[in-house]
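Quick notes on the structure that follows.
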Amino acid sequence: MARDYFDGKELPEGLKAMGDYFAVVPDDNASWCECDRCREVLAISRQDKRGEGFFSNASSSYYIFNFVNQVAKEVRKTHPDKFVAALAYASYAYPPKSLKLEPNVSVAPCLHTCYGYDKKTFANDMALYNSWLADKGRRIYLWNYFHHPMEPAIIGKWNCFPCFMPDVISREVKRYHKDGVRGVFLCGIGTQLDYYLYMQTAFNVETDYKKLVSEFFSRYFGAASEPMKRFYYRISEINREEGVVGTTREVSWLRLGTEERMKELGGYVEKAVTLVTTDLERKRVDTWKKGVWEYMKTGRDQFRAK
Ligand SMILES: [Zn+2]
């Protein structure tokens, strides 16, 4: 199928390919084949304990990349300038041990950028990221998660304590640039300013996040910018201080959004409402008031009622 695609034939439905890249990525589950041969390869794979206990680990790395590699080997015989694109994800997040990957395999490690304040998860992601980088000359792309804490909240129909993380985004995009990462896919629910900061830093790696954040607040909220900026940074600081993101109701409303902090945060929004001088500023403050602050307040009220 990869050869057909590179020869210009139409891609069968369900497969992904673009330009010089043909993707070889399993469906999003770990229900692997149970035939004797696969069991044998999986047994080798599962001896690799890197990342054990984390979402991103190595238990299927040898199994998946052994397959990817065989496809790449074949494709290379007929199409030496084309690539087989793999993800490094979940149970196959770490590079396989005792397997030399073909040069025409490109890899996109999946990193939980949204866990930037969660030291343990982040350290595991950095370990797998760095082991991919150690494979010199390998074409590296990234899948960046921005799905938590919102995704579990949406699925579970509850409201979470949000997370903003301008310092993490700035630091990480600069790291990707330094490491020669060739491209990124942003997955999940990014917020207005954080995604803007991500893209601006990607366009110009010298971007100073504090300056950019200040510019955003003064140009967007005008007379109401100071308390809105405080509101934004305070939410970020709270997540950083606690070292967690609000992925469960309990973490959101017992650890992060405590009564005292909610009182403080509400104060900034109320202050901003009194400072607006134009209709546009009022509308913009109202967007954050409804979209962020009242969403949070409802989340805490519902948690307490429960
Ligand atoms: Zn099998």
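Write down the accessible area per residue of the chain in Å², having rolled a 1.4 Å probe over the full set of protein chains.
52
When every alpha-carbon pair in region 170-283 is counted, what percent end up more than 23 Å apart?
Within region 170-283, distances greater than 23 Å cover 43 percent of Cα pairs.
Dividing the alpha-carbon radius of gyration of region 184-234 by 2.2 N^0.38 Å (N being the number of residues), what value is obtained?
1.21
Tell me which GluC sites (Glu not before Pro) from region 185-244 have a DSSP coil assignment and no more than 11 other beta carbons within 10 Å of their own.
Sites meeting the loop and neighbour criteria: Glu206.
What FRET efficiency would be calculated for the residue pair Leu15, Lys136, taking the C-beta separation as r and a Förster radius of 30 Å, to the nearest 0.05?
So the FRET efficiency works out to roughly 0.50.
Based on Cα coordinates alone, diagonalise the gyration tensor for the chain, multiply each eigenvalue by 5, take square roots, and list the semi-axes in whole Å, largest first.
Semi-axes from the Cα gyration tensor: 42, 22, 17 Å.
So for region 94-184, considering every pair of alpha-carbon atoms, how many percent are separated by more than 16 Å?
Value for region 94-184 (Cα pairs over 16 Å): 59 percent.
So for the chain, averaging the separation of alpha carbon pairs under 8 Å that are six or more residues apart and normalising by length, what relative contact order in percent results?
For the chain, the relative contact order is 14 percent.
Over 24 Å, how big is the tail of the calculated P(r) for region 28-126, in percent of all Cα pairs?
Taking all Cα-Cα pairs of region 28-126, the fraction more than 24 Å apart is 27 percent.
Using only DSSP helix segments of four residues or longer, with each worth -39500 (n - 2.57), what per-residue ellipticity at 222 nm results for the chain after dividing by its residue count and rounding to 500?
Dividing the helical sum by the residues of the chain leaves -15500 deg cm²/dmol.
Taking 22 Å as R0, compute the FRET efficiency from the Cβ-Cβ separation of Glu226 and Phe55 and round it to 0.05.
Computed FRET efficiency for Glu226 and Phe55: 0.05.
Let's test the formula: R0 of 35 Å, r as the Cβ-Cβ distance of Asp208 and Lys271. What FRET efficiency results, to the nearest 0.05?
The calculated FRET efficiency here is 0.85.
Loop only per DSSP, at most 11 neighbouring Cβ atoms within 10 Å: give me the chymotrypsin sites (Phe, Trp or Tyr not before Pro) in region 12-119, ordered by residue number.
Filter output for region 12-119: empty list.
Compute for region 142-203: radius of gyration divided by Kirkwood radius, i.e. Rg/Rh, restricted to C-alpha atoms, rounded to two decimals.
1.02
Report the gain in length on full extension from Asp4 to Asp286: 0.36 nm times residue separation, minus Cα-Cα distance, nm rounded to one decimal.
Extra length from Asp4 to Asp286 when fully extended: 96.2 nm.
The values are calculated or read from the model by the stated rules, or taken from the named source; none is laboratory data. Computed from a predicted model, the values in this text were never measured in an experiment. Ideal geometry is used to build each Cβ from the backbone, glycine not excepted, and the neighbour counts take in all protein chains shown. Ligands, DNA and RNA are stripped out before the accessible areas are found, and what is left, the full protein with its side chains, is counted by its heavy atoms. Shrake-Rupley method; radii C 1.70, N 1.55, O 1.52, S 1.80 Å.
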